[in-house]
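Novice: One structure, as structure tokens, below. Some questions next.
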Amino acid sequence: MESIFTLVGGLGLFFFGMQLLSDGMKKASGERMKNFLHKATKLPVVGVLIGAVVTALFQSSSATSIMVVGFVNASLLTLTQAISVIMGANIGTTFTAWVISLMGAFDIAVYALIAIGIGVFFMKTAKTSRTRFIGEVFLGFGLLFTGLALMGEAVEPLRSSEFFENIFISFSRNPFLGVLAGLIATIALQSSSATIAIVQLLAFNGIIPFNAAIPIILGENIGTTITAQIAALGSNLSARRAAMSHSVFNIVGVAYMLVFVYLGWFTRFVDFLIPGEITPSSIMFYIAFSHTLFNVFNTAVFLPFINTLEKLSIWLVPKKEYDVERGTQYLDRHILENPIIAFSQITNEMNYMLSLAVKSVYTAMEGFEGKGYKKSKKIAKYENAINSLQSEITQFIVELSGKELTEDQHSEIPVLIHSVNDIERIGDHAVNIIELAERKNSAKNKFTEYATREVDVIWRKVQEMMEKAKEAVKEQDAEIALEILKIEDNVNTLQEEIKENHIKRLNEKICDIKTGVVFVELIDNLEKIGDHLTNIAEGIRNKMHWELKSAQKKPDTFNSTL
């Protein structure tokens, strides 16, 4: 029982130390890590190297994988960039095994206590946050190795256990069982480093032979992908595909490597590379080397086929009805040096963003047919994509404004930013509408025949404005923009008359008050969508003056359009 308590306590310190170490490194690196990954992973080989270094520093491939999935979700990394970093993370995570192998040569517990003392000193005396984060790193290292020392003490009595000896002999005879054990252990512990540490400690204490440790290491490589899959739940399409690429990369790698292990070729190759007898003091080194060998070899095999891996991940995670591609489709910072092309691509990107906003509004209005719950999921996807585009397009425009532009081009900058914000606001109104739809449908209240007809009339006008706005943005057509302004006058008149009619129905007690609130808010949201479309149209008209409106046709009244 005492051994169990020691093992659990040691494992707890190991996890806590690893978490402190990882958090300290991430805090110390700050936002620079995001920018560095985004800019430096254009080439897959560089992405692999960066993934390896970052993971070695963080002491957790899971932390790197989760971070990469998050960056893909935020459109900071492409799928190809993410795959290369994930490949490198598999190599970087083997660094932990190398450090643990030092236990065979040194009394690591002594150095662990020194690291704890240094870490606490830095944290207590730090005058800057960066110094405090460095203290966390030292403290994390110290606790991690203290936990390992305790775990080593706990597993030592197992050396004389016939039961455990028989189990690990079966692993050496049947590698598939070893892979399964490594997979289950890593999923249960949620840490590949912890699994490797336990395997190394068991081997160091003579409980498990080298050839039985290899399959467990392979299984750990599959189990560690589960963390990224969990992190990708609820993320966008590219993030889920990045997590899937991690799983495919490791599963396929383990599958073909298992053949070499089963035939005995893998261990013979390790013996060839590191000649000499495996001893209790060197076995942890052999395990660390084997772990690195597998991941480096697997990366070398897959790296030339990174595009194939990307396509396979896309095939395995197909686009569903509610999936929306996030991130810019046309912008590339290389074109910032050519303002004429840059302005053209901004227009294309705005057209794409507007198309998403328009789809969002259509979807929200369909929610009034009684499908609000299902439609709300799609609205959320659109909203996330639109918000991401707003941020990226605006950032691109701001960067462009710092280039050498003509006076006319400079004058377009605020108009473009204003138009992007208007498109984003259209998406916000779609969210408002689907929430109104859910309120209406959950209460099982229906609009009166009069209210339904009025919604239909103003909705048709807004639809016309949206379709014309898409065309006007795409073609940058001032005449179409003027048509939008004419329709908007009509929408404003309709809104006023509809509200007056609604008050009359309330006085006559024809409609329900609660449903009436939803009705009025819906009309207001539709009218505000028209306002934002008008702002976009005015941007296309460029420096159009309001007095031009006097030449427009007098808007129809509600009764004449009904």
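Readers should treat all values here as calculations from the given coordinates under stated rules, not as data from a laboratory. The shown structure was predicted, so the numbers you read here are calculated from the model rather than taken from an experiment. All Cβ positions, even for glycine, are placed from backbone atoms using ideal geometry, and neighbour counts span all protein chains on display.
Novice: Cβ neighbours within 10 Å, averaged per peptide: list 195-202, 210-217 in order, most packed at the top.
Specialist: Result, highest mean Cβ count within 10 Å first: 195-202, 210-217.
Novice: Return the loop-located GluC sites (Glu not before Pro) in segment 462-546 (DSSP other than H, G, I, E, B) with at most 13 other Cβ atoms within 10 Å of their own Cβ; answer none if there are none.
Specialist: Hits after loop and neighbour filter: GLU508.
Novice: In addition: Order of 126-134, 381-389, 112-120 by packing, highest average Cβ count within 10 Å first?
Specialist: 381-389, 112-120, 126-134
Novice: A further question on this structure: Which of TRP315, TRP98 has the fewest other C-beta atoms within 10 Å, and how do the rest follow up to the most? Intermediate values should be presented prior to the final figure.
Specialist: Values: TRP315 10, TRP98 16.
Taking fewest neighbouring Cβ atoms as first place, the list is TRP315, TRP98.
Novice: Report the full-extension gain for the segment GLU449 to GLU404: residue separation times 0.36 nm, less the Cα-Cα distance, to one decimal in nm.
Specialist: Taking 0.36 nm per residue and subtracting the Cα distance, the gain is 10.3 nm.
Novice: Pop a pseudo-label 7 angstrom from the Cα along the beta-carbon direction at both LYS509 and ARG439 and give the gap in nm to one decimal.
Specialist: Each label point is offset 7 Å from its Cα along the Cβ direction, giving 2.4 nm.
Novice: Label segment 333-561 by shape, choosing from rounded, prolate and oblate, from the square roots a ≥ b ≥ c of the eigenvalues of the Cα gyration tensor; if a/c is under 1.5 it is rounded, and otherwise prolate applies when a/b is larger than b/c, oblate when it is not.
Specialist: Note, shape of segment 333-561 comes out oblate.
Novice: Using unit Cβ charges (K, R positive; D, E negative) and no other charged atoms, how large, in debye to the nearest 20, is the dipole of segment 333-561 about its Cα centre?
Specialist: Value, rounded to 20: 1140 debye.
Novice: GLU277: net charge of surrounding residues, Cβ under 15 Å, Lys/Arg +1, Asp/Glu -1, itself excluded?
Specialist: So the surrounding residues net to 0.
Novice: Pop a pseudo-label 7 angstrom from the Cα along the beta-carbon direction at both ASP332 and ILE274 and give the gap in nm to one decimal.
Specialist: Spacing of the two 7 Å Cα→Cβ label points: 4.5 nm.
Novice: In the structure shown, do any of LYS446/LYS528; LYS359/LYS461; LYS378/LYS504; LYS377/LYS509; LYS381/LYS486; LYS440/LYS499 have a Cα-Cα gap over 25 Å, and if so which?
Specialist: Table pairs above 25 Å Cα-Cα are LYS378/LYS504; LYS377/LYS509; LYS381/LYS486.
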